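The values are calculated or read from the model by the stated rules, or taken from the named source; none is laboratory data. All figures in this text were calculated on a predicted structure; none of them were measured in a lab. Heads up, the Cβs are rebuilt from the backbone with ideal geometry, glycines too, and the neighbour counts pull from every protein chain shown. Each accessible area value is taken on the protein alone, full model and side chains, heavy atoms only, with ligands, DNA and RNA left out. Shrake-Rupley method; radii C 1.70, N 1.55, O 1.52, S 1.80 Å.
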Amino acid sequence: MSELMLAEAPAIGQFFTPVSSDVVDGLIVQYRDLLSKIDVLSALVSGDLSAVVGYFVKGNSTPERGYSRLAADAIFERNGAVAELNSSFWSKALALTDVRDCMPAKRREEWDKQIRENGCPDFEEETVRATLKDLLFSRARFLAERVDGIFRELSGEHVTNSPMGFGKRMILAGIHTGFYTTERVGYINDLRCVIAKFMGRDEPKWNGSSGVVNIARKNHGEWITVDGGALRIRCYIKGTAHLEVHPDMAWRLNCILHELHPRAIPSEFRQKPKKKAREFQMIQRPLPFAVLEVLGDLEPAYTLEKTGDWRREYRRVEIPNALKARIFSDDPKNASMQEVYRVLAAIGGVQQKEGHWQFDYPPGDAISAIICSGCLPDQKTHQYYPTPEKLARIAVEMADIGPLHSCLEPSAGQGGLAEFMPKERARCCEISGLHCEILKHKGFDVVCRDFLQWAGELPDRYDRIVMNPPFSDGRARSHVEAAAGLLAINGRLVAIVPASMLGKLSLPSCSITWSETFNNEFAGTSASVVILTADRCA
């Protein structure tokens, strides 16, 4: 996690894109040109031509096009047209900078309302330049206001919340109309935007957190990991949301809060945490929000089937366990779409020639897990290298599974070995929450734990254990030894291990045999492996 963070306390100004002072020149020219045409047309129609224009309006109105309820002179009234022109160009001016994205939810809604209701001032050069200059210089303040707005929304009724700054656990209070309003979700989105700044990521769009909150609501009472572990959310039916912020995030939030309230935030709340947890973590760098947005927009794939009815020649028939994006691009330069393809393939999807992605399980929950966490299990940390089908079949055949044998696949990944075991008697142990969801949808009995920790708690014994353990840092040996401790009497363990372990392992009460060496079987690595078979005699 720490490699994603800034090394020291954040200086707010570093987060923003420089903007040229001449960025509005083109807009001013366009605005003046359109304004002059509005004046010409308004003056022309307001005279004797108004009656003639009325014939055009009424004569060309049809039920399909709609009937105009306004008189011609009202349609071409100058003030309304200029107000709409002003709103349009103020919106364009804001879009040329990152100012709107930097605004806290409340301030952004005020601007949007002014534009929506045509309440903007005239788009005059002096006013535009002065306003944009003030907004650009205010971006740092806006970031601080975001943090302050979040802090002020923390429930005062819960002792978990600290009045002196952000702590690890925070509670956002609900209101009678429900926590899950656009405004309330906006505070969570603001928090995620600030965290994204810290992590050097792109930001979620203004409504980018609605999907995450809906998933948290669906799983109310459960912690949902968000943004690579930087944040966790737990929603309740009564309308409160518990937020747990990573310590590396909390102190940075307090540093920004300190800029607004220098006397209110004690120094110990603004210190970088000294202790680091020495646990294997799934989290590395989260996926871009642009990729997560496409994943959130996936929809069921379908085929067209003839109906035999002349009134409706074809009907849509949904393809089971198949997804497609609303817009797919095969352009190799489209980095976001190529990353989407990688994600779908990593969770077991296979792209069909028709363009959709086919899964052998319902992929909805797995997609939701990725959207929330923002991550796929990290291959380097988790050593997730799916077992090739050839090796999987050989290993399971060597296990010689009988009709009454209980089976286990430790560190199961997506069940590459368990797929060839009797599903009704196969249990999978897996550390990745995403992979656990996939395994559950495939119908396996799943223990979502770190295998070494789980094995140390002496669970049930198994007649057959087939495994492809992680290889790095000596983990293959420790995982095989732990698995051997779970064998029932007369049980058999089959493990795919690095060739370097050949002949160098002994297991208590077990006789061991080794297979031939298999080279270059795993995609993305040149590792050579052997298959160990261990039979427990007593």
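Could you run the Debye sum over the Cα atoms of region 485-538, one equal point scatterer each and no solvent, and tell me log10 of I(q)/I(0) at q = 0.22, 0.29 Å⁻¹, two decimals?
Those come out to -0.79, -1.09, one per q.
Given a Förster distance of 41 Å, report the FRET efficiency between V40 and N207 from their Cβ-Cβ distance, rounded to the nearest 0.05.
Once rounded, the FRET efficiency stands at 0.55.
Using 7 Å Cα-to-Cβ label points, what is the E125/V52 separation (nm, one decimal)?
3.6 nm
How do R78, R425, R312 rank by accessible surface area computed with a 1.4 Å probe, from largest to smallest?
Sorted descending by solvent-accessible area, the residues read R312, R78, R425.
Fully extended, how many nm does the chain gain between I512 and R449 (0.36 nm per residue separation, minus their Cα-Cα distance)?
Gain on stretching I512 to R449: 19.9 nm.
Filter the GluC sites (Glu not before Pro) in region 352-445 down to the DSSP loop ones having no more than 12 other Cβ atoms within 10 Å, then list what survives.
Counting only loop positions with at most 12 other Cβ atoms within 10 Å, the GluC sites (Glu not before Pro) in region 352-445 are E354.
Below 14 angstrom from the Cβ of P422, what's the summed charge of the other residues (Lys, Arg +1; Asp, Glu -1)?
Local charge sum for P422: -2.
When Lys and Arg each count +1 and Asp and Glu each count -1, what net charge do the other residues less than 11 Å away from H405, Cβ to Cβ, add up to?
Combined, the nearby Lys, Arg, Asp and Glu give +1.
Holding the Cα-Cα limit at 19 Å, pick out from K92/K197; K106/K238; K205/K238; K390/K504; K106/K205; K92/K205 the pairs that are longer than that.
Check vs 19 Å cut-off fails for K92/K197; K106/K238; K205/K238; K390/K504.
Please list, in order along region 503-518, the HN-Hα scalar couplings obtained from phi with the Karplus expression 6.51 cos²θ - 1.76 cosθ + 1.60 (θ = phi - 60°), rounded to whole Hz, x for Gly and Pro.
After applying 6.51 cos²θ - 1.76 cosθ + 1.60, I find x, 10, 9, 10, 10, x, 6, 10, 9, 10, 10, 10, 8, 5, 8, 10 Hz.
Got a sec? What order do C436, C448, C537, C510 fall in by accessible area at 1.4 Å, biggest, i.e. largest, first?
C537, C448, C510, C436
Which residues does the label zone of R461 cover in region 473-491, counting backbone N under 19 Å from a point 7 Å along Cα→Cβ?
480-491
Under 13 Å from the Cβ of T533, count the other residues' Cβ atoms, weight Lys and Arg +1, Asp and Glu -1, and hand me the total.
Residues near T533 contribute -1 overall.
Which sequence of K92, K390, K324 reflects their accessible areas, 1.4 Å probe, from the largest down?
K390, K92, K324
Can you tell me the length gained on complete extension of the stretch N490 to S528, counting 0.36 nm per residue apart and subtracting the Cα distance?
10.8 nm
Using 0.36 nm per residue of separation minus the Cα-Cα distance, give me the extension gain between D400 and D360 in nm, one decimal.
Fully extending the segment from D400 to D360 adds 11.8 nm.
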